[in-house]
Ligand code: ADP
Ligand code: ADP
């Protein structure tokens, strides 16, 4: 039972084909790594899954449906994206409260996710003063807010210190252990080796491999 399905997914920007005829399934209960060098098309793919970019051809489905048709999207899918626009003058808490309010999520979840990502002590600070690592944690808090079955983390370890990197790995593993669907992008194979069960590799927008990570490491 695939939670994310891509069928012939394609995105062109003028002359550039960012994503080319991508077809694959992402399954629950495991961390799926999404590996490719910068510019390979990882962010564009995630943005299309989230309905933020319109495919030039093909489709991206979550639980069999396009994102735009999900009734309570934040309760189904949580995402940490590269350049998440957050109002810099807002506190972390106010940012999450606004997200919760507009998505019918109980306000008590805000305290829970601030605790879960380690930002409880800076909950009232303006997010404009946050380091990249703190912003990443805030993005992850937003992804967790709706307690979703599907999580998309785009380069989540960027800007994190070594403790933060370990924390993200453990979080991804633990979410997958709860049966959730976790798609994590990175340009580093070393990172994927430590996090992923299944590995999808793309280059220049094309699917290069989609296999259990043990198969890729084991050779044969
Ligand atoms: P990755 O996330 O793997 O680094 P991206 O999905 O960001 O890759 O980019 C894939 C390709 O699409 C790159 O060549 C990038 O320059 C191009 N691209 C992405 N977004 C746009 C855009 N809004 N306009 C034009 N080109 C874009
Ligand atoms: P726990 O003690 O339950 O492990 P922590 O506060 O230590 O919680 O923070 C991370 C944990 O949060 C992970 O184990 C993760 O599985 C769990 N978690 C799962 N789903 C969510 C969610 N939607 N929001 C917040 N935390 C979640």
*asked:* Nearest 10 degrees is fine. How inclined is helix 132-144 to the longest principal axis of the chain, computing both from alpha carbons?
replied: 80
*asked:* Under 10 Å, Cα contacts only: if you run a Gaussian network model on the chain, which one of 131, 174, 185 comes out with the highest mean-square fluctuation?
replied: 131
*Give the distance, in whole Å, between the Cα centre of region 129-192 and the Cα centre of region 42-63.*
20
*Taking neighbour counts of Cβ atoms within 10 Å as a proxy for exposure, in what order, fewest first, do 153, 130 appear?*
130, 153
*With a ≥ b ≥ c the root eigenvalues of the C-alpha gyration tensor of region 1-108, is it rounded (a/c under 1.5), prolate (a/b larger than b/c) or oblate?*
prolate
_I'd like the orientation of helix 162-177 relative to the chain: the angle between its Cα long axis and the longest Cα principal axis, in ° from 0 to 90, rounded to 10._
70
*Sort region 86-164 into rounded, prolate or oblate with this rule: let a ≥ b ≥ c be the square roots of the eigenvalues of the Cα gyration tensor; rounded if a/c is under 1.5, and if a/c is not under 1.5, prolate when a/b is larger than b/c, oblate otherwise.*
oblate
_Relative contact order of region 93-159, defined on C-alpha pairs under 8 angstrom at six or more residues apart (%)_ = 35
*Pull out a ≥ b ≥ c, the square roots of the eigenvalues of the alpha-carbon gyration tensor of region 70-202, then state rounded if a/c is under 1.5, prolate if not and a/b is larger than b/c, and oblate in the remaining case.*
oblate
*Take every Cα pair under 8 Å in region 29-84 that's 6+ residues apart, average their separations, divide by the length, and report that relative contact order as a whole percent.*
23
*Ratio of region 168-217's C-alpha Rg to 2.2 N^0.38 Å, to two decimals?*
1.15
*Sum -39500 (n - 2.57) across every DSSP H segment of at least 4 residues in the chain, then divide by the residue count to get the 222 nm mean residue ellipticity, nearest 500.*
-9500 deg cm²/dmol
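Here, each number is a calculation from the coordinates, and none is a lab measurement. Keep in mind that this is a model prediction, so the values were computed, not measured. Glycine gets a Cβ as well: all are built from the backbone with ideal geometry, and neighbour counts include every protein chain shown.
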